[in-house]
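Q: One structure, as structure tokens, below. Some questions next.
The values are calculated or read from the model by the stated rules, or taken from the named source; none is laboratory data. What you are looking at is a predicted structure, and each value in this text was computed from that prediction instead of being measured. Virtual Cβ from ideal backbone geometry, glycine too; neighbours counted across all protein chains shown.
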């Protein structure tokens, strides 16, 4: 491997090649510490040309590449797996953010740019990049795009895919595919950029992107409501859609149990009397009529008997306090010890029966485990997490398959927004019809015949065909 | 070919197989009568199973397939080309529209469903499918998706791709890939549906789709404005985006020459005094404050000296009259004889210089030709059409290459929304860097190795590898 490392050193320079074990360590484990694996080196290229040169060297030496952004993924997609010689290629040094075009509503950024920083730049010119994630202070644009990240505002604005107007990608042989056009409409044949969105680096490395921005919404109104049961929550969603649907920016679900954990584990106080579920609702608009419309909609909801209790934030500070309750659910969960995270989506009309089945099956399988359910109801996306505590109880090993089986029966997805990575790949193979698997594998073989791009992530291909 | 036709007859039944030349004729020519080609038969399957069986038969006999929806395309993408034995496969009988789910905001439809009909069904449950095209009374959902159609509302809602949550596709070997999940979030690995959106049938036949709906906007406000020059038009767009950007549903550009043609050729009267350009602006919202916000924004625009003259529709009827001016531009053009249509997009900041160059080069090349420019300024999408009259003037043959060369220089696209089809494929090959072409060709070879799916459209592959 010496000629390989010497070659890397030559093309990346001293700042671009890390072989010291202590310096490499943070790149070899995911942030939840669920996955780790060895690498020959961590590459930190400073430019697309350096990425290209490094990939070419890896291809020559048959070394696989694990691309890595902010290392905030929840599915081990950016962690090496020890299947053959691998390097981690971090985009962390490629952080440039271009000058946004506020009327064209676009901005070009390098893959290592931090999501939060790009959002600040957009806000600085009166526009917004409405991709909102817990990890946005560390997550990079390259990671956001290659995992098609979701988050809090998907019901209104869509996933990361909907913001990627153009991509620059380094292909498995080192070729640079430059599609960095700032065009909102470009129907010139097969749009190859979609190969690289959500495929977790299995086809190439995203090195830069042109992002679509949206107009800013100057006003927002935030309410926390409690409801008696899930059907009421879903009817409430319908009522908001009927009346002021296009202003609905978040419609978040929090179970009473999850809210209790936030209060007890994080010391926050919920100002709303209990129902079975809480809903955090945000509407936003640039029109002055927003506050009045929100009040009228809430009145209608109370009038229809859909809401048990609720509060409407009277200030930006109160709005932030209400959001803090939602944002602390994950933190509260992590303070309870180990947990199993399930990131599922399903049709709303199947949701109640699905959750009833999960509860019943969990009580049989692992009665000591506790459900911690929250998520993005407006997208049909639930995080059906299961708290195991410090020592996993009996039956814990069967929980994930049980949840996923029920999701498959309900016509849902076992990965709504977190991706497959290495975490969910086996489950995906188990539950996905052969046609879908064959399509993914066929494209992988065509684009990356030597299987050098993040092998074993997102697509069940670990090595070249024999 | 007798065994082939007998086999088709058996699997499709008498209603599903057309071999009578008179009955076939409308399927063998595009509606602008620019393209036509022969076919062995026109297939009219009544179900996905019949599509699958027919494709299997075609694969066995080495017969290529040209999928066809409403035959309203502008690039010859659904017309056979005479390169080897071909059949047209029309989805016209597969028109089922499922019951929409108004809270989940989805509806499942077959590929032959007419866009306008689906829009009506969505409206019937208080939702909308905001894909608005001149051809929506004939265009089918399958065609809309496989060409990634655009239209009038893209700046707010996106292209057809943004509405396709799930697809059912028949692959080149007849396999049915069923991805008809009504999920707004589904990040389970490589999302193969994007292969089939905008690729004009080159990889398979879209047979059904689950479409995303949006909340309805109960109020709209429409204005027609005239401006002195293009920079003023672009600054006006910025002003709208700054103030009430998220309500902006259409920002259409019409040149003074185009407006004159609408008046003289179609007998409509423009109520606004001339500038160099007209803008048709529509804002929409469910909030009552919309009308006031529109008035305030127009006042600000006049106050800033951006607008020369303008009128704000005071009724729905007036709004429709203003829209009629925009909608008659194409009709007015067609009454002037032959024309060359160019469907380009480019960064707004390059637009004025681009149009200046087009004007100067056209005056040299074909001084008798007249420009007819209109389009979707909010998307950077212009239709730079050139009216040739009944007899094309000297120099006409060089016009398209000239326009496209200037678009390439400006970093734009030669096909913003109409697709490549057979019309623009040579120009795309001439102007697209090799990496992009190789990616498209590589995927085509991987998915359709025998080149049976709409050969010669969208991707420059006409036959299997030798």
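Q: Checking residue B:411 against (1) crowded, with 18+ Cβ neighbours inside 10 Å; (2) within 10 Å of another protein chain (Cβ to nearest Cβ); (3) under 28 Å from residue A:102 (Cα atoms), which single condition isn't satisfied?
A: Every listed condition holds for residue B:411 apart from (1).
Q: Shifting gears a bit: Within the stretch A:416-430, can you find the residues that are within 21 Å of the chain's Cα centre (by Cα) and either more than 8 Å from chain B (Cβ to nearest Cβ) or closer than 28 Å to residue B:444 by Cα (or both)?
A: A:419, A:420, A:421, A:422, A:423, A:425, A:426, A:427, A:428, A:429
Q: Now a separate question. Tell me, please, whether a residue that is within 13 Å of chain B (Cβ to nearest Cβ) and modelled with pLDDT of 95 or more can be found in the stretch A:359-370.
A: Within the stretch A:359-370, not a single residue is within 13 Å of chain B (Cβ to nearest Cβ) and modelled with pLDDT of 95 or more.
Q: Sticking with this structure for a sec: For the stretch B:88-195, please list each of the helices (runs of 4 or more DSSP H) lying entirely inside it that holds at least 2 residues being within 21 Å of residue B:421 (Cα to Cα).
A: Where helices (runs of 4 or more DSSP H) fall fully within the stretch B:88-195 and carry at least 2 residues being within 21 Å of residue B:421 (Cα to Cα), they are B:141-146.
Q: Being under 22 Å from residue A:219 (Cβ atoms), at pLDDT 95 or above and surrounded by fewer than 19 Cβ atoms within 10 Å (Cβ to Cβ): is that true of residue A:126 here?
A: So residue A:126 passes the test.
Q: Among A:150, A:166, A:179, which is the only one that is modelled with pLDDT under 95, touching a strand residue (DSSP E or B) at 6+ places or on another chain (Cβ under 8 Å) and not assigned by TED's automatic domain parsing to the domain that holds residue A:282?
A: So the residue among A:150, A:166, A:179 that is modelled with pLDDT under 95, touching a strand residue (DSSP E or B) at 6+ places or on another chain (Cβ under 8 Å) and not assigned by TED's automatic domain parsing to the domain that holds residue A:282 is A:150.
Q: Of the residues B:92, B:75, only one is under 24 Å from the mean Cα position of the chain (by Cα) and within 20 Å of residue B:113 (Cβ to Cβ); which?
A: B:92
Q: Oh, and also: Among the numbered criteria (1) under 24 Å from residue A:287 (Cβ atoms); (2) in a helix (DSSP H, G or I), which one does residue B:222 miss?
A: All conditions pass for residue B:222, except number (2).
Q: Within 25 Å of residue A:153 (Cα to Cα) and touching a helix residue (DSSP H, G or I) at 6+ places or on another chain (Cβ under 8 Å): which single residue out of A:348, A:365 fits that description?
A: A:348
Q: Mind checking which residues of the stretch B:339-353 are more than 20 Å from the chain's Cα centre (by Cα) and surrounded by fewer than 22 Cβ atoms within 10 Å (Cβ to Cβ)?
A: B:349, B:350, B:352, B:353
Q: A further question follows. Among (1) crowded, with 21+ Cβ neighbours inside 10 Å; (2) more than 14 Å from chain B (Cβ to nearest Cβ); (3) in contact with a strand residue (DSSP E or B) (Cβ under 7 Å, 6 or more places away or on another chain), where does residue A:273 come up short?
A: Only one criterion in (1) crowded, with 21+ Cβ neighbours inside 10 Å; (2) more than 14 Å from chain B (Cβ to nearest Cβ); (3) in contact with a strand residue (DSSP E or B) (Cβ under 7 Å, 6 or more places away or on another chain) is unmet by residue A:273, namely (1).
Q: Going through the stretch A:446-466 one residue at a time, which ones are surrounded by fewer than 16 Cβ atoms within 10 Å (Cβ to Cβ) and within 12 Å of another protein chain (Cβ to nearest Cβ)?
A: Matches in the stretch A:446-466: A:449 only.
Q: Shifting gears a bit: Is there a residue in the stretch B:31-47 that is part of a loop (DSSP other than H, G, I, E, B), under 22 Å from residue B:111 (Cβ atoms) and at pLDDT below 95?
A: Looking for residues that are part of a loop (DSSP other than H, G, I, E, B), under 22 Å from residue B:111 (Cβ atoms) and at pLDDT below 95, one finds at least one in the stretch B:31-47, hence yes.
Q: Of the conditions (1) within 22 Å of the chain's Cα centre (by Cα); (2) in contact (Cβ under 8 Å) with a residue 24 or more places away in the chain; (3) in a helix (DSSP H, G or I); (4) facing chain A (nearest Cβ under 9 Å), residue B:440 fails just one. Which one is it?
A: The one condition residue B:440 does not meet is (2).
Q: Checking the condition out of contact with any helix residue (DSSP H, G or I) (no Cβ under 7 Å at 6 or more places or on another chain), more than 7 Å from chain B (Cβ to nearest Cβ) and more than 19 Å from residue B:440 (Cα to Cα), which residue from A:210, A:222 passes?
A: Going through A:210, A:222 in turn, just one is out of contact with any helix residue (DSSP H, G or I) (no Cβ under 7 Å at 6 or more places or on another chain), more than 7 Å from chain B (Cβ to nearest Cβ) and more than 19 Å from residue B:440 (Cα to Cα): A:210.
Q: Quick one: residue A:295 ticks every box in (1) within 14 Å of chain B (Cβ to nearest Cβ); (2) farther than 30 Å from residue B:186 by Cα; (3) in contact with a helix residue (DSSP H, G or I) (Cβ under 8 Å, 6 or more places away or on another chain) bar one, so which box is it?
A: (3)
Q: Can you name the condition, by its number, that residue B:187 falls short on among (1) touching a helix residue (DSSP H, G or I) at 6+ places or on another chain (Cβ under 9 Å); (2) crowded, with 24+ Cβ neighbours inside 10 Å?
A: The single condition residue B:187 does not satisfy is (1).
Q: Looking at B:414, B:459, can you tell me which residue is modelled with pLDDT of 95 or more and in contact with a strand residue (DSSP E or B) (Cβ under 8 Å, 6 or more places away or on another chain)?
A: B:414
Q: Could you tell me whether residue B:77 is surrounded by fewer than 18 Cβ atoms within 10 Å (Cβ to Cβ) and either on the phi > 0 side of the Ramachandran plot or out of contact with any helix residue (DSSP H, G or I) (no Cβ under 7 Å at 6 or more places or on another chain) (or both)?
A: no
Q: Now for a separate question. Give the residue that is surrounded by the most Cβ atoms within 10 Å (Cβ to Cβ), with candidates limited to residues of the stretch A:80-114 that are in contact with a helix residue (DSSP H, G or I) (Cβ under 7 Å, 6 or more places away or on another chain), without any contact (Cβ under 8 Å) to a residue 40 or more places away in the chain and away from chain B (no Cβ under 12 Å).
A: Step by step, filter the stretch A:80-114, then rank; the result is A:113.
Q: Would you tally the residues in the stretch B:366-399 being in a helix (DSSP H, G or I) and surrounded by fewer than 18 Cβ atoms within 10 Å (Cβ to Cβ)?
A: 2
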